[in-house]
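The values are calculated or read from the model by the stated rules, or taken from the named source; none is laboratory data. Given the structure is predicted, the values throughout are model-derived calculations rather than measurements. As a convention, Cβ positions derive from the backbone with ideal geometry for all residues, glycine included, and neighbour counts pool all protein chains shown. With ligands, DNA and RNA removed, areas are computed over all heavy atoms of the protein, side chains included. Shrake-Rupley method; radii C 1.70, N 1.55, O 1.52, S 1.80 Å.
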Amino acid sequence: AGRSMLLIADAANHYVFSLARPDWEVKFAADKAQAAATRRALLGQIAADRVPFIGYHMPFPAMGFIETEGDGFRYVPASYQLML
């Protein structure tokens, strides 16, 4: 139906630090500079296109949106409704 969602997996390792400071390097990245550049570009694209995403290290519901904030970004969780 023309809708999409991105799975960013480990592109952001922390829901605050990785988004607010996407240029910070993490020790787990093999190529730290490339990982930081990729993270900034990916988060920028998600925010600009307002594409929903799922991230392994995001808090519940681990799905939402990214908005620009200052020189970085912030996580905006998707609204959900518990259906019993």
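In contact with an Asp or Glu (Cβ under 8 Å, 6 or more places away or on another chain) and either at negative phi or open to solvent by 80 Å² or more (accessible area, probe 1.4 Å) (or both): is that true of Ala30 in this structure? Quick ask: steps written out before the conclusion?
On the way: in contact with an Asp or Glu (Cβ under 8 Å, 6 or more places away or on another chain): no; either at negative phi or open to solvent by 80 Å² or more (accessible area, probe 1.4 Å) (or both): yes.
Taking the combined requirement at face value, the residue does not satisfy it.
Filter the stretch 44-84 down to the residues that are open to solvent by 70 Å² or more (accessible area, probe 1.4 Å) and aromatic (Phe, Trp, Tyr) and list them by number.
Scanning the stretch 44-84 gives Tyr56, Phe60, Tyr80.
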